Structure formats: structure tokens, C-alpha cells
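Here the structure comes first, spelled out in C-alpha cells, and everything after it is commentary.
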Amino acid sequence: MITRQRLAVGVCALLAALTAGIAVPAGAVADETTPQDAPKVDLVLDVSGSMRARDIDGDSRMAAAKQAFNEVLDATPEQVQLGIRTLGANYPGNDRRTGCKDTAQLYPVGPLNRTDAKTAVATLQPTGWTPIGPALLKAADDLSGGNGTRRIVLITDGEDTCAPLDPCEVAREIAAKGIGMTIDTLGLVPDTKLSKQLSCIAEATGGTYTSVQHKTELSGKVNQLVDRTADKVVTPVAVDGSGQCTSAPALKWGLFTDREDFGVHRYYRVDVKPGQELRASVSVSDDRQVGPDYGVTLRAVTLHGREIVRGEATGSGRTDVLSTGLRYPKAGSDDENAPAETVCLEVANSFSPAAGVKTSPGLPLELTVDVVKGPDGAADVASFGLGRSWWLLGALVLAGFLAGVLWGWLSRWRIAVWRTN
């Protein structure tokens, strides 16, 4: 007997399988024939005066950071090029203009000499201001060039003291360049304002924010981020979507990034041959404060605007990213020379900016596209459309009816035999 619980489990498993098929296109993998440059990571450490505070496992924040750095340097993978940048390490005075320029490369990004790096870290003493924005701009320059993974890891115990150069806006500018650079942030103080600022910086580039209050948490998280830099990833390609289907850029397979203004549509074209299946997914990040209700839609449409299939996602409250996807298997053809169908992918969002929030640059958009050989029979089944689906439904209903009649007849026959005996 099928219980409601078993039925629910089965439905959830089916939905999970379908979601996995949509969200991870089989062809969207790194091209091993394209050489990848060495991954790079720049550790940006706050050395401002507040790092003297002794509230991390009975030791100063600076001492905890030094210990974490030494452990990270020992564990850094050989293939990772690592650098260390400081902010607030050199100027002890009160001149704001000078203090907000106080960021320096302590150890250059490149092949790691652990002894030299540890010696450089040992010299650090809490000193001055907290110019997070200027330090991020310089860190992005430290990591410039190459096609490998690039990551900035910011460790600080306080908010930026050099406004109006808002570090969150700096992070958005870095993301808008389409260079695939991620900023992860770690806060050493459980402060609401600090948490909000560091979260905004991380979200702008698809990074993470973590609040750490113990030495083991700090070294463990930084180690994890450095190790993640060494993971082989797909290099996203910056693309400029169009406001209409006919002028949209033609895409094949891969991972693409773009920017989408609030409440607008972006179009991209993909050619799908008979017997192939188009798989696509899109993620739109709300990297700034937005209204409470929003949604993202991905539609596959013809050049004339007729909808083929769609995927939708909605949210309410605060969500870092909203994603949806679709699959379109095109029916096969006996004609080997049958032309490909041009399918337009339409991305739309219903985000609205909160009061006073800048709308430029647009929201970060990540699009994955893959065109693969359709599964046997899948394209033909899909080509039935809604108009012919009653055949399958009718067959299932008939089969169920006949099974019920047969079971009832057998049950009555068994009861009659039992009474006779």
C-alpha cells in the first residue's frame, strides 16, 4: 500500500532529480584543453589600532590573526600563488587623508616562500586607520592578469573609516568589470554594522561572509578559502545581452556573466538542432538592499516571441541569489540537413531597489547554457505538447480501471471459494 509519506518522498525525489538536471548542465564544465593560469589569492589584513583589543581566546586580535596566517601559510597548496596586503599598518597619525591611503603589499602575489611570508607577518603591529575601500581596489590590482581563479580574503575587526569611498560600491565596481574575482570577508567582532558592511562586500562578488570569534575558526575558514581557490572552476565569459531577441548575442555552451537592470528583460540566442536538448539556468544576485517581494523568470521563446518553455522562481525577504532553469528537447528529424532552430533565452526580474539604493550597475546575472544530444525518445515525447498529452493520460486511466476491475473480480472469487469450503 502506498502511504502519503511514501508518495511525498517519491515526489520530492523526482523534483530533486529534475532540478539537478536543470541546474548543472552536463556540458558546462571546464575545457581541459584550455590552459589555466595558476590560481591567485590575496589575504588583506586589517592592522588598524583596534586590532590591539584582547578578546579572542584571551589574546589580542592581532596575535590571533598572525597565528592563523602562519597556519594558513603552512597549508597553502603548492599551485596557489599567494600574497598579503595590509590596511592601516603604517600611519599612526590623525590626518584622515593620509590614513586613508595606508594600504601596502606586505608580500607580493606569486609563488609562496613560506619563510619570507611568515617573517613579514611577524613584523606587523596594530597602528592606524581602516581604509577597506582603498585596500580592495589595490588588492584587485594585485590579482590582475591571467585566466585562473582569483580571490580576495578580507579580515577585519571594524567598519571602513574612509567614506565616502564605500567599500560595498568598490566591490560592485570590481564585479562589474566581469573579471571573475571573488571577495570573501571575515569579521572578528560580532557587530551588526560591521556584519552588514562585510556581507554587502561579499555578496557583490558572489563571495561569503563569516563572523569568527575564536582562533581555530579563523585559521580554519581562511584555510578553507585558500583551498577553494585551488579548485578547478569554469571561467565565466562576460557577455552583453540585448533588449530584444533579434539583436541578441549568439551563445553556444558555457558559463556567462552579465548585468541586468531592475525590472528589464535580457535576451540571448542559442541554436538547437533536431534531436538536441537545450539546458539553461540563470541566477540573479540581489547584491544590494531590495524590496521584499521579487522574482526571476527564464523563458525559451521563438524569434517571433512564442513561448516554448519557462522556469520561474520567487522570493520574499532577504535572499542572496535567486535561480531558475529550463530544458527544451527538440524533436528529431529524418532529414540530416534539417536546419537548427534559433531559440531566444529571455531573462526577466521583478526586483525593485530599496529607497536611496543605487540602481547602477545592474544586478549580477550568471547564465549557464548547454546543448546536448537529446535522450532517446525524449524529444518525440516532448513534441506532443499539451494538445496530445491526453493519450498518455487516457492510457494510464484505462490501465488503472482494468487493474481495479481485475482485482475486484479476483477478490470476490476468493471469497466465494472460501465460503464454499
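Here each label is just a point 7 Å from Cα along the line to Cβ, and for residue 163 and residue 123 those points are 3.5 nm apart. Note on 304, 265: ascending count of other Cβ atoms within 10 Å places them as 304, 265, the fewest first. At R0 = 35 Å, how high is the FRET efficiency between residue 407 and residue 333 if r is their beta carbon distance? Nearest 0.05 is fine. Using R0 = 35 Å, I get an efficiency of 0.20. Starting from the Cα gyration tensor of the stretch 94-149, take the square roots of the eigenvalues, sort them a ≥ b ≥ c, and report rounded, prolate or oblate (rounded when a/c is under 1.5, otherwise prolate if a/b is larger than b/c, else oblate). Oblate, since a/c reaches 1.5 and b/c is not below a/b.
Anisotropy class assigned to the stretch 40-230 is rounded, per the alpha carbon gyration tensor with a/c under the 1.5 cut-off. Between the C-alpha center of the stretch 162-200 and that of the stretch 238-313 there is a gap of 27 Å. Taking Lys and Arg as +1 and Asp and Glu as -1, the other residues whose beta-carbon sits under 11 Å from that of residue 269 total -2.
In this label model, residue 96 and residue 57 are separated by 3.8 nm, measuring between points 7 Å along each Cα→Cβ vector. Sorting 407, 129 from the fewest to the most surrounding beta carbons within 10 angstrom yields 407, 129. Determine the shape class of the stretch 236-380: with a ≥ b ≥ c the square roots of the Cα gyration tensor eigenvalues, call it rounded for a/c under 1.5, and otherwise prolate if a/b is greater than b/c, oblate otherwise. Because a/c hits 1.5 or more and a/b exceeds b/c, the stretch 236-380 counts as prolate.
Computed extension gain for residue 75 through residue 350, at 0.36 nm per residue and net of the alpha carbon distance, reaches 94.6 nm.
Using 0.36 nm per residue and subtracting the Cα-Cα separation, the extra length available between residue 104 and residue 38 on full extension is 21.5 nm.
Listed by Cβ neighbour count within 10 Å, with the fewest neighbours leading, 46, 116 appear as 116, 46. Within the stretch 142-193, report the GluC sites (Glu not before Pro) that DSSP leaves as loop and that have at most 12 other Cβ atoms within 10 Å. When the GluC sites (Glu not before Pro) of the stretch 142-193 are filtered for loop state and at most 12 Cβ neighbours within 10 Å, nothing remains. First measure r as the distance between the Cβ atoms of residue 293 and residue 238, then evaluate 1/(1 + (r/R0)^6) with R0 = 41 Å and state the FRET efficiency to the nearest 0.05. With R0 = 41 Å, the Cβ-Cβ based efficiency is 0.85.
Throughout, read-outs are computed from the coordinates displayed, never taken from laboratory work. Predicted, not measured: the structure shown is a model, and the values here were computed from it. Every residue, glycine as well, gets a Cβ built from its backbone with ideal geometry; the counts of neighbours run over all protein chains shown.
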